[in-house]
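The values are calculated or read from the model by the stated rules, or taken from the named source; none is laboratory data. Nothing here was measured: the structure is a model prediction, and the numbers come from that model. As a convention, Cβ positions derive from the backbone with ideal geometry for all residues, glycine included, and neighbour counts pool all protein chains shown. For the accessible areas, the whole protein counts, side chains as well, though only heavy atoms, and no ligand, DNA or RNA atoms are used. Shrake-Rupley method; radii C 1.70, N 1.55, O 1.52, S 1.80 Å.
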Amino acid sequence: MEKLVSLCQRRGFIFPSSDIYGGLSSCWDYGPVGVELKRNVKEAWWRANVRDRDDMVGLDTSILMNPRVWEASGHVTAFSDPLVECKKCHQRFRADDLPPEAEGKCPNCGGDFTEPQQFNLMFKTFIGPVEDAASVVYLRPETAQGIFVNFANVLNTSRKRLPFGIAQIGKSFRNEITTGNFIFRSREFEQMEIEYFVRPGTDDEWFAYWTNERLKFYGSLGIRKENLRLRQHGQDELAHYSRCCSDIEYNFPMGWAELEGIANRGDYDLKQHMEYSGKGLTYLDEATNQHIVPYVIEPSAGVDRTVLAVLCDAYDEEPDKDEIRVLFHFHPDVAPVKVAVLPLSRKENLAACAKDVYASLRPCFATQYDDTQSIGRRYRRQDELGTPYCVTVDFQSLEDNMATIRERDTMNQIRVPTAALADTLAKKLAGEDILVLPEGGVIWKEETKGG
Ligand code: GAP
């Protein structure tokens, strides 16, 4: 994890928040490359769960909501963790998350703890200019409630029939007692949540369906199967709204831990909001002409945890002559930079040719132009960014209008006409095996490799 954190900082993936002021505990900023990676993860999720499906619509609801929402949802009374304080050093810990080797004593100084107290994880603030009890609002601790309170709005405007889902990506906030492991657990994070509404009685099969879909999704991001597993919650672990729940866990450097929770929330939320708001949140079942309260299957994923899993899974170190090559084997869909254009030298005529190549590729892919330092160094830099393909323009390119495509994982090179670059790269990024090179293309031999 330490190596990953330092590489992420060095290459502009993720920085500590407010870095010049010494940071703020467990808050992180995504840098120029990290923001692209994160956007790609969110876009892949949105495409798979909203755009490519007929039974799903999206939403983008506000972070601040009427505080009654959180009374109805149970978060005001039940969204808490047990907090203990060391009587000697006064450090605070989550009582249910103490390392077993501490044997109930303070892991910091060995001191005794106070009795556990329930600590509510919601951040409070005030709405408007008066800071009194009547103006208290919360920063949402999950995006899900924005979906439930809009159930009738969506139903009335989209005319969806059961089963159907509503999806949302957005920031959530939790005043976690203990944070850490880089972006794994922070106090400000992003969630990608689906509330999938089904007929009561069909919930078990939809639960199984979504568990499978969600596992497939992580595979589509390039995460290896052997690093994913499913863990069913015991009855004593279930959240207050949950009838059953399974976690998709990832084998992070600190061990197996939750990447996503898939819960059967039953009719808990719609019923609670009906009771607290006095509004009808039922569905008119066309088959029986009866109003029913749908059950809900909720696949709830963390954007930051998915980014961390993608980073961990793609990180690699390989011996390379006397050195070590560090690289990310990102799946092309999530790679922050897809193609880098590297002129062999900064000489004017070569730069002009390389800039033309760059201009032709930039509208098609996230493309970088890099002409600083030696070609070897630039390849290494792109490896550390996880760029799947580098296009090298050399002096021969000026004569034969060809450029070299260098593959990140194998370091193999092919030489193709510049006019065929965009098409060839598009096919390669889509995972097509290029068995037949474009007309005039050649395998670029080891001894003729530039740089
Ligand atoms: N609406 C259900 C819900 O919020 P959850 O298991 O508490 O369920 C869902 O959270 C996902 O949100 C988790 O699996 C995790 O990926 C992410 N998540 C939760 N708390 C987090 C935190 N403090 N930091 C980063 N991600 C977090």
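Name the residues whose placed amide hydrogens come within less than 5 Å of the amide hydrogen of residue 345, ignoring near sequence neighbours (fewer than 5 apart) on the same chain.
Answer set, sorted by chain and number: none.
Cα atoms only, the stretch 1-67: Rg and Dmax in Å?
Considering the stretch 1-67 through its Cα atoms, Rg and Dmax are 16.5, 48 Å.
For residue 123, what residues show an amide H to amide H distance below 5 Å, using hydrogens built from the backbone and excluding near sequence neighbours?
139, 175
Where does the stretch 93-167 land on Rg/Rh, using Cα atoms and the Kirkwood Rh? Can you show the working numbers first?
Numbers: Rg = 21.2 Å, Rh = 17.2 Å.
Ratio value, two decimals: 1.23.
Nearest 10 degrees is fine. How inclined is helix 303-314 to the longest principal axis of the chain, computing both from alpha carbons?
Roughly 40 degrees, rounded to the nearest 10.
State whether the stretch 164-267 is rounded, prolate or oblate according to the following rule on the C-alpha gyration tensor (a ≥ b ≥ c being the square roots of its eigenvalues): a/c under 1.5 gives rounded; otherwise a/b larger than b/c gives prolate, and the remaining case gives oblate.
Values: a/c = 1.57, a/b = 1.30, b/c = 1.21.
Here the stretch 164-267 falls in the prolate category.
Summing Lys, Arg as +1 and Asp, Glu as -1, what charge do residues with Cβ under 9 Å from the Cβ of residue 295 carry, residue 295 excluded? Don't jump to the answer; show the numbers that get you there.
Numbers: positive: 199, 243, 265; negative: 203, 267.
In short, +1.
Give me log10 I(q)/I(0) at q = 0.09, 0.19 Å⁻¹ for the stretch 199-357, Debye formula, one equal scatterer per alpha-carbon, no solvent.
-0.51, -1.18
What is the ratio of the Cα radius of gyration of the stretch 1-116 to 2.2 N^0.38 Å, where N is its residue count, to two decimals?
Working: Rg = 20.7 Å, N = 116, 2.2 N^0.38 = 13.4 Å.
Ratio of Cα Rg to 2.2 N^0.38 Å: 1.55.
List the trypsin sites (Lys or Arg not before Pro) within the stretch 87-159 that DSSP assigns to loop and that have no more than 12 neighbouring Cβ atoms inside 10 Å. Present the calculation step by step, with values, prior to reporting the outcome.
Details: sites: 87, 88, 92, 94, 105, 124, 159; in loops: 87, 88, 105, 159.
Qualifying residues, ordered by number: 87, 159.
What longest region of the chain stays clear of GluC sites (Glu not before Pro) that DSSP places outside H, G, I, E and B and that have at most 14 other Cβ atoms within 10 Å? If you can, show how the numbers build up before the last one.
Numbers: sites that count: 103, 131, 286, 432, 439.
Between exposed loop sites, the widest span is 132-285.
Before rounding to the nearest 500, sum -39500 (n - 2.57) across all DSSP H runs of length at least 4 in the chain and divide by the residue total; then give [θ] at 222 nm in deg cm²/dmol.
On the way: 13 runs with 127 residues, N = 451.
Mean residue ellipticity, 222 nm, calculated: -8000 deg cm²/dmol.
In sequence order, what are the phi-derived ³J(HN,Hα) couplings for the stretch 8-16 according to the Karplus relation 6.51 cos²θ - 1.76 cosθ + 1.60 with θ = phi - 60°, rounded to whole Hz, with x for glycine and proline?
4, 6, 5, 9, x, 7, 9, 10, x
At a probe size of 1.4 Å, how large is the accessible area of residue 288, to the nearest 10 Å²?
80 Å²
Using only Cα atoms, find the angle between the long axis of helix 32-46 and the longest principal axis of the chain, and express it within 0 to 90 degrees, rounded to the nearest 10.
Long axis of 32-46 versus the principal axis of the chain: about 60 degrees.
Which far-off residues, 5 or more places away or on another chain, put their amide H under 5 Å from the one on residue 83, with H placed in the peptide plane?
The list, which skips near neighbours in sequence, is 95, 117, 118, 119.
From the Cα gyration tensor of the stretch 295-451, with a ≥ b ≥ c the square roots of its eigenvalues, which class applies: rounded if a/c is under 1.5, or else prolate if a/b is larger than b/c, or else oblate? Mind showing how you got there, number by number?
Numbers: a/c = 1.99, a/b = 1.62, b/c = 1.23.
Note, shape of the stretch 295-451 comes out prolate.
Taking the 0 to 90 degree range and rounding to the nearest ten, how far is the long axis of helix 348-361 tilted relative to the main principal axis of the chain, both from C-alpha atoms?
That helix lies at roughly 40 degrees to the long axis.
Carbon and sulfur together cover what percent of the accessible area of the stretch 293-352 at a 1.4 Å probe radius? Could the numbers behind the result be given before it?
Numbers: 1040 of 2170 Å².
C and S fraction of accessible area: 48 percent.
What's the Cα-based Rg to Rh of the chain, Rh via Kirkwood? Each step should come with its number before you reach the end.
Details: Rg = 25.9 Å, Rh = 24.9 Å.
Taking Rh as the inverse mean 1/r over Cα pairs, Rg/Rh reads 1.04.
Listed here are the pairs 3/321; 355/427; 38/427; 105/171; 88/171; 42/216; which of them are more than 25 Å apart at the Cα? Display every interim value, and only then the final one.
Numbers: 3/321 21 Å; 355/427 22 Å; 38/427 23 Å; 105/171 35 Å; 88/171 36 Å; 42/216 16 Å.
In this structure, 105/171; 88/171 exceed 25 Å between Cα atoms.
Step through the residues of the stretch 59-64 one at a time and calculate ³J(HN,Hα) from phi using the Karplus curve (6.51 cos²θ - 1.76 cosθ + 1.60, θ = phi - 60°), rounding each to whole Hz and writing x for Gly and Pro.
8, 9, 9, 6, 6, 8
Tell me, what ³J(HN,Hα) does each residue in the stretch 238-247 have, in order and in whole Hz, if you take phi through Karplus 6.51 cos²θ - 1.76 cosθ + 1.60 with θ = phi - 60° and put x for Gly and Pro?
5, 5, 4, 9, 9, 8, 7, 7, 10, 9
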